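Presented below is the structure to which this report refers.
The values are calculated or read from the model by the stated rules, or taken from the named source; none is laboratory data. Source: prediction; values computed, not measured. Methodologically, a virtual Cβ is constructed for each residue, glycine included, from the backbone with ideal geometry; neighbour enumeration extends over all protein chains shown.
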Amino acid sequence: MTRFFTLAAACLALAGPALAEGDPAVGEKEFRKCKACHAIASADEVFVRGGPTGPNLYGVIGRTAGTTDFNYGASIVAAGEAGLVFDVDNIQDYMTDARGFLQTYLDDPKAKTKMTFKMKSKQADVAAYLATFSDAAAEADSEDEGS
């Protein structure tokens, strides 16, 4: 019995990093909270119909902040100009508290954001879901089809 618990603990320890990466299927369900403001649509296909209040999140992972065809606030544009590129890690912090994230990133306590929603849980899952709509994910899919 002790051997079973030791083996189970070892499996959980090894699985920990994978679990921390997030589950896109869970993120898809959690994204329902986001689609009131955000759509996910490529030039050819609409994946999630959402509201126009926020920018289209297709390709947000790997994109410089504040650079798509959207009327962004000055702080997110400044963050992009300062080098902010969203990845699956930093976008989780942004989802949790966009204003606080920008204030820290820009070292500006007056930095503001138009995004008032604060995601309280499952940020890693939503980030993993958004990553499935990145240009890098699309390129990997096309490479897999070509192999």
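Odds and ends about this structure:
- Qualifying residue in segment 54-72 (condition: under 15 Å from G22 (Cβ atoms), out of contact with any strand residue (DSSP E or B) (no Cβ under 7 Å at 6 or more places or on another chain) and in a loop (DSSP other than H, G, I, E, B)): yes
- Among the residues of this structure, A137 counts as one that is under 14 Å from the mean Cα position of the chain (by Cα) and either basic (K, R) or modelled with pLDDT under 95 (or both).
- Qualifying residue in segment 39-52 (condition: part of a loop (DSSP other than H, G, I, E, B) and modelled with pLDDT under 85): no
Rundown of residues vs (1) in contact (Cβ under 8 Å) with a residue 60 or more places away in the chain; (2) part of a helix (DSSP H, G or I), yes/no style:
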| position | (1), (2) |
| --- | --- |
| I76 | no, yes |
| A79 | no, yes |
| V88 | yes, no |
| R99 | no, yes |
| D108 | no, no |
| A111 | no, no |
| F117 | yes, no |
| A127 | yes, yes |
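- When residues in segment 56-65 are screened for being touching a Gly at 6+ places or on another chain (Cβ under 7 Å) and over 16 Å from D93 (Cα atoms), 0 of them pass.
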